[in-house]
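Let me begin by presenting the structure, written as structure tokens, before commenting on it.
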Amino acid sequence: MESVMAGQHPVEIDTSRPHPARMYDWYLGGKDNDPADEAMGRQMPALDPRVPVMARVSRG
């Protein structure tokens, strides 16, 4: 996946590494995430079980 801003070179997005925004999307049941985001998202509750709940609550 590439993202290009006016006057800049394309930026390669590394979807093999989890990203907080895509993990957040996964917690909310979105479609804009990748397997690495889901894998890390599934591990996060072991560190803090509130993480998935906080993602949903933050949406209001």
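The values are calculated or read from the model by the stated rules, or taken from the named source; none is laboratory data. If you're wondering where the values come from, they're calculated on a predicted model, not measured in any experiment. Note: ideal-geometry Cβ built from the backbone for every residue, glycine included; neighbour counts use all protein chains shown.
Among the residues of the stretch 39-60, what is the count of those that are assigned to a helix (DSSP H, G or I) and either touching a residue at least 12 places away in the same chain (Cβ under 8 Å) or of a type in the set (Lys, Arg) (or both)? If you could, list the steps in order and put the result at the bottom.
Let us first name the residues in the stretch 39-60 that are assigned to a helix (DSSP H, G or I), namely 39-47, 51-57.
Narrowing the set further to residues that are either touching a residue at least 12 places away in the same chain (Cβ under 8 Å) or of a type in the set (Lys, Arg) (or both) leaves 39-42, 44, 51-52, 55-56.
Residues that pass the stated criteria total 9.
Checking the structure you have, find out if any residue of the stretch 18-27 is assigned to a strand (DSSP E or B), among the hydroxyl-bearing types (Ser, Thr, Tyr) and either surrounded by 12 or more Cβ atoms within 10 Å (Cβ to Cβ) or more than 10 Å from the chain's Cα centre (by Cα) (or both). No - not one qualifying residue is present in the stretch 18-27. Close Cβ contacts (under 8 Å, 6 or more residues apart or on different chains) running from residues in the stretch 1-28 that are over 21 Å from Ala55 (Cβ atoms) and modelled with pLDDT under 95 to residues that are surrounded by 14 or more Cβ atoms within 10 Å (Cβ to Cβ) and among the β-branched types (Val, Ile, Thr) comprise Met1/Thr15.
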